[in-house]
Amino acid sequence: ASLSYTVNGGPSQPLSIGPNLVRLVSPGDFNAEIDYASLNPGVNTVVVTAVDAQGRSASSTVTVNYVSGTSWPVNYSVNWSQASGGINSVAQIVDGRWAVQPDGMVRTLDPGYDRLIAIGDAATWKDYDVLVPVKINSMPSNGAGIGVVVGWKGHTTDQYGVNLTDQPRTGHPFPALAWFNGTSSSSMSLQIYANDNTAFDHETVLSAIGTPQLSVGVTYMYRVDVQQSSSTTSLVSFKVWQQGTPEPSSWTLQATSQLSQGSILLASYMADASFGNVSVTALP
């Protein structure tokens, strides 16, 4: 069996079929990553074609409407329940199946590797404050985590200094991820984490603290600030508190990262997580 796609009648491009160990979690999963440069302003036609072992084929057509020349204001808020056009009308689902729940939070329906929702402009967002409620519905104690990435510019073909042909791309460099993570139930911690994505420097914990431990079914507030601190670095600040209780006056964690410029990701890795309404505010 094979899968392929075309954009606006162009050359056929092959598609990988899941599962793999990364973004294609379940049997039959696929992801057609289409660069903006391949799209025309306005209506675009994407045709996905499947061919089975007997050579029989079936196709499905998807219409992609590309609005070019727009920018994303850094003072931005998301109310999931009021997104009449769905999640993708106010944000961008990168991986996984997500749905707005009766409690007004958006929840990943199919936990797995890097379930992500992107918000913001990769080219222009730099110094900002992010406030979002987060709830752990379930999370295995084997490295799973839930948090907010800052400075996101998109996946790459380069993974830890090695050029891969994976489709979709698996390289995921970012200056900082503020999250709750751990390798066992006794080592869960709040962390500021970086992936410089080089052979010698990747997946690095910049700062961590073992308390407070976050509980399943409880909604917490995550506040993440990122602000340029030198020509090559940013200061990342992270605090967590239970929703409905006073916000702590001090940061839970702070760390210096590589210079951050890019959008944010709501990120759930191997966990069943919900995220509430998001508020992003530019910092002076």
Response to the item:
Taking region 189-208 and keeping only residues that are farther than 25 Å from Leu164 by Cβ and open to solvent by 60 Å² or more (accessible area, probe 1.4 Å), one is left with Leu206
Worksheet item: Just for region 91-133: of the residues that are open to solvent by 30 Å² or more (accessible area, probe 1.4 Å), β-branched (Val, Ile, Thr) and in contact with a strand residue (DSSP E or B) (Cβ under 8 Å, 6 or more places away or on another chain), which one is nearest to Glu33 (Cα to Cα)?
Response: Val94
Worksheet item: If you go through region 243-270, how many residues are in a strand (DSSP E or B), over 16 Å from Val134 (Cβ atoms) and of a type in the set (A, V, I, L, M)?
Response: 1
Worksheet item: Given (1) more than 25 Å from Asn197 (Cα to Cα); (2) at pLDDT 95 or above, where does Val148 come up short, assuming only one miss?
Response: (1)
Worksheet item: Quick check, is Ser26 under 23 Å from Thr219 (Cβ atoms), among the hydroxyl-bearing types (Ser, Thr, Tyr) and in contact (Cβ under 8 Å) with a residue 60 or more places away in the chain?
Response: no
Worksheet entry | Every residue from region 234-249 that is within 25 Å of Phe174 (Cα to Cα) and open to solvent by 60 Å² or more (accessible area, probe 1.4 Å) | Leu235
Item to complete: Working only within region 59-90, note down all residues that are more than 30 Å from Ala1 (Cα to Cα), out of contact with any Leu (no Cβ under 7 Å at 6 or more places or on another chain), among the hydroxyl-bearing types (Ser, Thr, Tyr) and open to solvent by less than 70 Å² (accessible area, probe 1.4 Å).
Response: Ser68, Tyr76, Ser89
Practice prompt. State which residue is least open to solvent (accessible area, probe 1.4 Å) when the search covers only region 156-188 and only residues that are in a loop (DSSP other than H, G, I, E, B), under 22 Å from Phe238 (Cα atoms) and at pLDDT 90 or above.
Written response: His172
Discussion item. List pairs: first residue in region 112-126 and touching a residue at least 24 places away in the same chain (Cβ under 8 Å) and of a type in the set (Gly, Ala, Ser), second residue open to solvent by 10 Å² or more (accessible area, probe 1.4 Å) and part of a loop (DSSP other than H, G, I, E, B) anywhere in the structure, Cβ distance under 6 angstrom, at least six positions apart or on different chains.
Written reply: Gly112/Val25; Gly120/Trp72; Ala122/Lys153
Worksheet item: When residues of region 3-43 are filtered for being open to solvent by 60 Å² or more (accessible area, probe 1.4 Å) and either of a type in the set (Phe, Trp, Tyr) or farther than 16 Å from Arg169 by Cα (or both), how many remain?
Response: 12
Response to the item:
Filtering region 250-270 down to residues that are open to solvent by less than 10 Å² (accessible area, probe 1.4 Å) and either on the phi > 0 side of the Ramachandran plot or modelled with pLDDT under 95 (or both) yields Gly262
Discussion item. Looking at Gly143, Gly151, can you tell me which residue is in a strand (DSSP E or B), out of contact with any helix residue (DSSP H, G or I) (no Cβ under 7 Å at 6 or more places or on another chain), at positive phi and in contact (Cβ under 8 Å) with a residue 60 or more places away in the chain?
Written reply: Gly151
Response to the item:
Of the residues in region 41-53, those that are under 12 Å from Ser2 (Cβ atoms) and outside any strand (DSSP E or B) number 2
Worksheet item: Are any residues in region 271-284 open to solvent by 10 Å² or more (accessible area, probe 1.4 Å) and outside any loop (DSSP other than H, G, I, E, B), and if so, which ones?
Response: Asp272, Ser279, Thr281, Ala282
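The values are calculated or read from the model by the stated rules, or taken from the named source; none is laboratory data. Being a predicted model, the structure only gives us computed values, none of them experimental. For neighbour counting, all protein chains shown are included, and Cβ atoms are generated from backbone atoms with ideal geometry for every residue, glycine included. Heavy atoms of the whole protein, side chains included, go into the accessibility calculation; ligands, DNA and RNA do not. Shrake-Rupley method; radii C 1.70, N 1.55, O 1.52, S 1.80 Å.
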